[in-house]
Amino acid sequence: MFTGIVEELGSVLSVADRRVRVGCRTVTEGSGVGASIAVNGVCLTVVERSGDCLAFDLSEETIRRTTMGGLSPGDGVNLERPATLLTRLGGHLVQGHVDGVGRTVEIVQSGDGKEMTFEIPPSLMRYVLEKGSVALDGVSLTVAEASPTGFRVALIPHTLAVTTLGSMERGDPVNVEVDVIAKYVEGLLQRESRSTGAST
């Protein structure tokens with residue numbers, strides 16, 4: 001479990017045979033082989049550690065459902081270690097299980113910050129509410145405005161400086177994880193509806 005508060009902006013060192021090596025410093029602490037790290041919002045397992053480098057293997061599922069297969073050397077990646085029972089929940093509950101890939105459709109300067117609009121798969125929009133939470137590339141954000149096809153978020157200069165969102169351009173893909181609580185509530189209501197229907 002993560003919080004969506006990025007700890008470090010790492011850099012992809014190499015990508016070969018589905019293994020991604022990432023240069024980083026902060027998140028290496030306490031992250032030996034077998035540890036979990038959120039990389040651009042994707043929960044990955046450390047398979048190799050060497051100095052200021054962590055390596056991760058990508059499964060077919062991960063490549064198919066996220067943007068990880070498109071990484072190249074030099075790309076920045078958002079990194080976060082798992083939350084502990086002593087962690088302050090500064091963002092929201094994030095699992096690192098990407099629900100789909102969205103697309104950046106508009107970037108507008110807003111003072112020192114930016115307002116960014118994203119399109120996401122229609123099947124995910126029912127979980128996105130104004131003032132609700134969403135994770136984009138592992139960054140916990142508040143939805144400023146929602147439409148039938150996407151949503152807008154407002155980013156402060158700090159977020160732009162310490163995450164990959166600051167270098168994002170129109171048309172860029174982004175990993176999307178919707179609020180897990182919304183998914184659980186929907187699942188419970190659907191189960192209750194089926195149960196009630198079966199008993200009548």
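Take SER72 and ILE181, extend 7 Å from each Cα along the Cα→Cβ direction, and tell me the distance between the two endpoints in nm.
It works out to 4.0 nm between the two label points.
Would you kindly state how much longer the chain becomes between LYS131 and GLU115 on full extension, computed as 0.36 nm times their sequence separation minus their alpha carbon distance, in nm to one decimal?
Full extension of this stretch gives 4.3 nm more.
Excluding ARG126 itself, what net charge comes from residues whose Cβ is under 12 Å from its Cβ, given Lys and Arg +1 and Asp and Glu -1?
-2
Using 7 Å Cα-to-Cβ label points, what is the ASP17/GLU106 separation (nm, one decimal)?
4.7 nm
Rounded to the nearest 0.05, what FRET efficiency is calculated for LEU189 and LEU85 with R0 set to 25 Å and r the Cβ-Cβ distance?
E between LEU189 and LEU85, to the nearest 0.05, is 0.25.
Using a 7 Å offset from the Cα along the Cα-to-Cβ direction at both THR26 and VAL162, what is the distance between the two label points in nm, to one decimal?
Those two pseudo-labels are separated by 0.5 nm.
What is the fewest-to-most order of LEU13, LEU85 by other Cβ atoms lying within 10 Å of their Cβ?
LEU85, LEU13
Quick check on the exposure proxy: order THR117, THR28, THR45 from fewest to most C-beta atoms within 10 angstrom.
So the residues, fewest neighbours to most, are THR45, THR117, THR28.
Can you give the alpha-carbon Rg of the chain over 2.2 N^0.38 Å, where N counts its residues?
Cα-based Rg divided by the globular estimate yields 1.06.
Any read-out appearing in this document is the output of simple, stated calculations on the displayed coordinates, not a laboratory observation. All of these numbers come straight from a predicted model, not from anything done at the bench. Positions of Cβ are generated from backbone atoms using ideal geometry, with glycine treated the same way; all protein chains shown enter the neighbour counts.
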